[in-house]
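The next block holds one structure in the form of structure tokens; read it before the comments.
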Amino acid sequence: MSLVTIFILTTFGLFIGYNMGLRMFPAVRYKSYDRIERCEEYVYQGNYDRVFVGSGLIGELDHYLPYGAFNLCFPYSGSCAGLEIIALSGKVPEVVFIETNYIFKGPDKELTGVLEKQWRKMRRIAPAFLKKNRPDSLIKLAVRHFSNSGRPEMASPDFGRLNTEELDRFYRIYNEQIDTHHFENILEELGKHVDYIRAQGCQIVFFEMPVHKDLYHTRLLEYQRNTLKAFFNNENDHWIESGQVHDYQTVDGIHLTKESMYRYANFLIHNKRTLLT
């Protein structure tokens, strides 16, 4: 037997053994996914009956969600990406909670590329093809873990102080002229995904993350809020309204402080139980 044949058989055997090990002892990266890993985790790994879709504004919900729930959030993107992933994967949960703040961002083609048909079966059969299980990803994770473990603990920064420069920047952005044609195209595509998900027996719940009071009535958020409610007017859909929307503090106008996130997460989960009982 030639050295090349031995090498090929050894490599193939290691690959099979590695995948069997991953199936027996899945690598856990809970609360530390990057965008691609979070997408793959939902599509190829667990099964969830409650799914939250949204932008980085709901990233901290990871710490408060109950068992059986998954946070399909994507910083710099939004709910459109999460809903498209749910629809294209065919893994429709019992309930989808849709954060409405960043609907105007539209879909994310880089993420939906994870669902390309030629790779879908391979990733299901061989978990080694998932990004979080690649040897280079595991090595980077181990290096990060050991480097962080040797560092002294740093005091938590003051998240209660409002960054007024960022607030002013968002105020200018949210009051710019709105491309209504582009937003209508986003809504049309979004509506197709919501219709498909709803047709599978999934309940739809819309919610808007609190923002600073100076941003709440800006041109963009007012237009988006009113347009969404007019477009998604199905009597079976739910809208979670916060009667104390201005009681929450933000870091920069849009991201909640830790204390406010804790209170809003409790508010959201309480409303979830009330709506769906």
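No value in this document is a laboratory result; all are computed from the given coordinates. Everything quoted here is computed from the prediction, not taken from an experiment. Every residue, glycine among them, receives a Cβ derived from its backbone with ideal geometry; neighbour counts consider all protein chains shown.
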Check: What do you get when you divide the Cα radius of gyration of the stretch 160-277 by 2.2 N^0.38 Å, with N the number of residues?
Finding: 1.18
Note to self: I need the calculated FRET efficiency for the pair residue 266 and residue 196, taking r as the beta carbon distance and R₀ as 45 Å, to the nearest 0.05.
What the structure shows: 0.90
Next item on the list: Show the residues, 5+ positions off or on another chain, whose built amide H is closer than 5 Å to the amide H of residue 238.
Entry: 204, 205, 206
Margin query: My understanding is that a pair violates if its Cα-Cα distance is over 19 Å; which of 105/258; 91/229; 105/192 do that in this structure?
Written below: 105/258; 91/229
Checklist line | Long-range amide H partners of residue 130 with built H, under 5 Å | finding: none
Next item on the list: Show the residues, 5+ positions off or on another chain, whose built amide H is closer than 5 Å to the amide H of residue 250.
Entry: 257
Check: What does the convex hull of the Cα atoms of the stretch 60-103 come to per residue, in Å³, rounded to a whole number?
Finding: 78 Å³
Next item on the list: Apply the Karplus parameterisation 6.51 cos²θ - 1.76 cosθ + 1.60, with θ equal to phi minus 60°, to every residue of the stretch 174-184 and state each ³J(HN,Hα) to the nearest whole Hz, in sequence, with x for glycine and proline.
Entry: 6, 10, 6, 4, 9, 7, 5, 5, 5, 5, 5
Margin query: Could you sort the peptides 175-181, 249-255 by per-residue average Cβ neighbour count (10 Å cutoff), highest mean leading?
Written below: 249-255, 175-181
Check: Taking 0.36 nm per intervening residue step and subtracting the Cα-Cα distance, what contour gain separates residue 173 from residue 110 on full extension?
Finding: 20.2 nm
